[in-house]
Amino acid sequence: MQQHRIKDRIAGASLLLAGTGFAGYAASQLSLGSFAAMGPGMFPFLIGAILALLGGAVLTLALLDGNGERVADDVMPPEPIEWRSLVVVIAAMTAFTLVITWFGMLPAIFALCLVAARASDKLTVPVTLAVAVGLSVAAWLIFIEVLGLNFRILAWPF
Amino acid sequence: MESPAFLIDLFANAALGLNHALSIENLLYCALGVTLGTFLGALPGIGVLVAMSLLFPITFHLEPTAAIIMLGGIYYGTAYGGSIASILLNVPGTPANSVTCLDGYPMAKQGRAAVALSMTAVSSFIGASIGIILMMMFSPLIADYALEFGPAEYFALMLIGLLAASTMSHGSMLKSIAMVCVGIALGLVGTDLNTGQHRYTFGLIELRDGLSLLAIAMGVFGVAELIASIRTFQPGEVNRRGITLRAMIPTRDDVSRLWMPSLRGAGIGSFFGALPGTGGLIASFMSYAVERRVAKDPSRFGKGAIEGIIGPEAANNAADQTAFIPTLTLGIPGSPALALILGVLLIHGINPGPTLVSERPEMFWGLVMSFWIGNVLLLILNIPMIGIWVRLLSVPYHLLYPAILFFVCIGVYSVNLAAYDIWMVIAFSLAGYAMRLLGLPAAPLVLGFVLGPMMEIQFRRTLIFSGGDFTAFVDRPISATMLGLCALILLWTVVSSMRRRRRTLLASGGDE
């Protein structure tokens, strides 16, 4: 229950912050205009203000309550953070992005698979390489042969 | 409505649509869509949104009609595939199939898995057919009626759609509405259409065109889901024996139990599918409850009653089809999956709404007729070819997730061949996973994102015409009624959450 409360406090505070920021930007950087002739800032300002109000309500209820589940009313219990999967997935996508811009698609597939394999204990290096080969063939078929896209398969930036 | 002219129109339109749907290209993409939909639907943990967002980038490279035919196929294909996992693994392939576990899995344990699979396929087909017939009959009428709508009506309609969708989802109502606002806010990033001024771009050229629906959908549905399930998901053991074509032939008793539950399920599903915010999940639960109530012997339910899988499966497939009615005729999607379909149309420069039916009949009727083709294909995929999907259920998940991750990355990259697009997906994946941990739902965000910019346009238009007078929203009976409904929805949720609050307070007071 403790976790529920903390979860809702963070959620409420982030929503409040996001709403205030969004409305604040609209009020300071854009012209609001009048309701008859609205400027570009009016609608965003209203949305930001409503968001801040709702975020404030979530936060207040979470602070008032002895246990936060009453606010959240969530069916799902809070789940533990999957740190390893999170780091591996983001790292794999980052590796793919960097490698594809410099070295082309083929090395990028292998980079993604080798990094992504770190999330599972079952993916040994030979298995991973086999997956990468399979994906290379699939990617070549779908994106180059069928959709006719102009991918660089291999590149050398230097 | 029963006039012969109406029927003649209907047949002419159907012929036009069939002509388009039967072109080699559209036929191919329809087949591809339903096959991928069945496959991804059958895999537990990959719901309709993940499936659609994974294949979303491919639609950028297609003709708009082919694109929505394929995406539509994925959408209703997952409902067929999802029941396979429910019956064989006791794990719903998609949430809308959860109720099918209740009697489907007991049937499998009794050695009747093959019959359960064939009968759900048939009832799904019946449900979908009724949904499509209703769509063919009512869409033109609704579109005609909606031509009269002004900006105030559209604003009210969008508001009701957003509110209904966020209150019907489980979880906190406050958080859902807040997430709708976050979605609208994200949708407003970019160039203001009225003044040409850049909003929230922070000097970045890429942001001038706004954030991409693709990056948001892939991040918050696809990758965030993947992060949560890589290490926690355990595929179950599938008993493949006994699933043969011969074993799929139902007994005379099974067939006699097919018709009424299917028709009742289809009716319930068609109704809930067309309403904003409800849909397959709610319809399938309602249908199950109804079947239990009308049954002569309700105690059979939960122990392998075939009506308990026939009704709900007909319901969720009917709902999937009628959900297209408000999306295509009014431009108001009732669920995030339909918001993605609407998003694809907008990306291709097509404005869904009452004029779509009259101005792009080949597209509208082509899509409708592709539903018929798609559902016939699904019947084939799910009866004679069922063995393939059953085998695929036992594909180890650790081989699958690098592939999913790869298709996310390459798919996004393929749209513009720009690294920026993948960086955006990475950013939204982090945000999506954080939202998941904080219990902030992603579905209302996507609905808000798609509808937000349109809402702003209608809001501004209404007030420009009225000279800033807010009574313009309630001057006309239709918009007044709809806004009244919005107020009722809000009131009802506030009252019910207060009640619940008091009840939990009392309950916890009793504990102490």
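Could you say whether any residue in the stretch B:154-164 is over 17 Å from B:Pro333 (Cβ atoms) and either acidic (Asp, Glu) or out of contact with any Cys (no Cβ under 7 Å at 6 or more places or on another chain) (or both)? Looking through the stretch B:154-164, none of the residues is over 17 Å from B:Pro333 (Cβ atoms) and either acidic (Asp, Glu) or out of contact with any Cys (no Cβ under 7 Å at 6 or more places or on another chain) (or both). Surrounded by fewer than 24 Cβ atoms within 10 Å (Cβ to Cβ) and in contact (Cβ under 8 Å) with a residue 12 or more places away in the chain: does that describe B:Gly311? No, not satisfied. Looking across the stretch A:109-123, the residues that are within 8 Å of chain B (Cβ to nearest Cβ) and either buried (at least 20 other Cβ atoms within 10 Å of the Cβ) or in contact (Cβ under 8 Å) with a residue 24 or more places away in the chain (or both) come down to A:Ile109, A:Leu112, A:Cys113, A:Ala116, A:Ala117, A:Ala119, A:Ser120, A:Leu123.
If you filter the stretch B:400-422 down to residues that are among the β-branched types (Val, Ile, Thr) and facing chain A (nearest Cβ under 8 Å), you find that the one that is farthest from A:Ala139 (Cα to Cα) is B:Ile422.
Any residue that is crowded, with 16+ Cβ neighbours inside 10 Å and under 29 Å from B:Leu356 (Cβ atoms) - is there at least one of those in the stretch B:244-254? Looking for residues that are crowded, with 16+ Cβ neighbours inside 10 Å and under 29 Å from B:Leu356 (Cβ atoms), one finds none in the stretch B:244-254, hence no. For the stretch B:175-210, the tally of residues that are out of contact with any Asp or Glu (no Cβ under 7 Å at 6 or more places or on another chain), free of Cβ contacts under 8 Å to residues at least 12 places away in the same chain and either facing another protein chain (nearest Cβ under 8 Å) or within 13 Å of B:Glu456 (Cβ to Cβ) (or both) stands at 3.
Restricting attention to the stretch B:463-499 and to residues that are surrounded by 15 or more Cβ atoms within 10 Å (Cβ to Cβ), within 12 Å of chain A (Cβ to nearest Cβ) and under 30 Å from the mean Cα position of the chain (by Cα), the residue that is nearest to B:Ala152 (Cα to Cα) turns out to be B:Phe473. Filtered by the rule that a residue be surrounded by fewer than 21 Cβ atoms within 10 Å (Cβ to Cβ), of a type in the set (S, T, N, Q) and closer than 21 Å to B:Arg246 by Cβ, the stretch B:77-136 gives a lone residue, B:Gln110.
Applying the criterion of at least 1 residues that are closer than 26 Å to B:Met218 by Cα to the helices (runs of 4 or more DSSP H) found wholly in the stretch B:1-96 leaves B:24-42, B:48-55, B:64-89. Among the residues here, B:Gly387 qualifies as more than 15 Å from the chain's Cα centre (by Cα) and in a helix (DSSP H, G or I).
Pick from the stretch B:425-462 the residues that are among the basic types (Lys, Arg) and under 18 Å from A:Met38 (Cβ atoms): which of them is nearest to the other protein chains (Cβ to nearest Cβ)? Please lay out each step first, then the result.
Filtering the stretch B:425-462 down to residues among the basic types (Lys, Arg) leaves B:436, B:460-461.
When the remaining residues are screened for being under 18 Å from A:Met38 (Cβ atoms), the result is B:460-461.
Details: B:Arg460: 5, B:Arg461: 10 Å.
Step by step, filter the stretch B:425-462, then rank; the result is B:Arg460.
Taking the criterion of being touching a Leu at 6+ places or on another chain (Cβ under 7 Å) and small (Gly, Ala, Ser), the residues of the stretch B:33-52 that qualify are B:Gly33, B:Ala42, B:Ala51.
In summary, helices (runs of 4 or more DSSP H) completely within the stretch B:184-288 and bearing 1 or more residues that are under 30 Å from B:Met137 (Cβ atoms) occur at B:252-256, B:259-274. Count of the stretch A:28-64 residues, restricted to those that are more than 9 Å from every other protein chain (Cβ to nearest Cβ), part of a loop (DSSP other than H, G, I, E, B) and free of Cβ contacts under 8 Å to residues at least 12 places away in the same chain, is 0. Is it the case, given these coordinates, that A:Leu147 is without any contact (Cβ under 8 Å) to a residue 24 or more places away in the chain, surrounded by fewer than 20 Cβ atoms within 10 Å (Cβ to Cβ) and facing chain B (nearest Cβ under 8 Å)? Yes, satisfied. A search for C-beta distances below 7 Å between a residue of the stretch B:124-144 that is over 18 Å from B:Leu377 (Cα atoms) and in contact (Cβ under 8 Å) with a residue 40 or more places away in the chain and any residue that is aromatic (Phe, Trp, Tyr) and surrounded by 23 or more Cβ atoms within 10 Å (Cβ to Cβ), counting only pairs 6+ apart in sequence or on different chains, returns B:Met135/B:Phe324.
Quick note: the coordinates plus some simple rules give every number you see, no bench work behind them. These numbers come from a predicted model, not from an experiment. Virtual Cβ from ideal backbone geometry, glycine too; neighbours counted across all protein chains shown.
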